1. Kindly indicate whether Gly52 is modelled with pLDDT of 90 or more, assigned to a loop (DSSP other than H, G, I, E, B) and surrounded by fewer than 10 Cβ atoms within 10 Å (Cβ to Cβ).
2. Within the stretch 42-75, how many residues are farther than 23 Å from Glu24 by Cα and touching a residue at least 40 places away in the same chain (Cβ under 8 Å)?
3. Given Tyr47, Tyr41, which one is assigned to a strand (DSSP E or B), at negative phi and over 12 Å from the mean Cα position of the chain (by Cα)?
4. So, in the stretch 20-38, of the ones that are at pLDDT below 95 and of a type in the set (Gly, Ala, Ser), which residue ends up nearest to the chain's Cα centre (by Cα)?
Amino acid sequence: MQRAILAAILFLTAPSAAFAQYGERWESATLTDQEPLEGAYGYNRCYYRTLGGYEFAVNTRGTCRYTVRINIETGEVRG
């Protein structure tokens, strides 16, 4: 009986552990600075920092968003 319960728990928690392993760690980041890109009219370089201190920059056309989400493991940014 205990083995069946343990097997059921492992079966139910395995998918969530797999998603965490393959880059599902998203954090919110706030705009810290921005500057126009030289030679690229209408494009800006946006600098962001997460609450944990992770810093990164994104090149974008138009204005920078005040907040974005970043996947720390893959580097993917979503606005």
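1. Spelling it out, Gly52 is indeed modelled with pLDDT of 90 or more, assigned to a loop (DSSP other than H, G, I, E, B) and surrounded by fewer than 10 Cβ atoms within 10 Å (Cβ to Cβ).
2. 0
3. Only one candidate qualifies: Tyr47.
4. Gly23
The values are calculated or read from the model by the stated rules, or taken from the named source; none is laboratory data. Being a predicted model, the structure only gives us computed values, none of them experimental. A quick note on method: Cβ atoms are made from the backbone with ideal geometry, for glycine too, and the neighbour counts reach across all protein chains shown.
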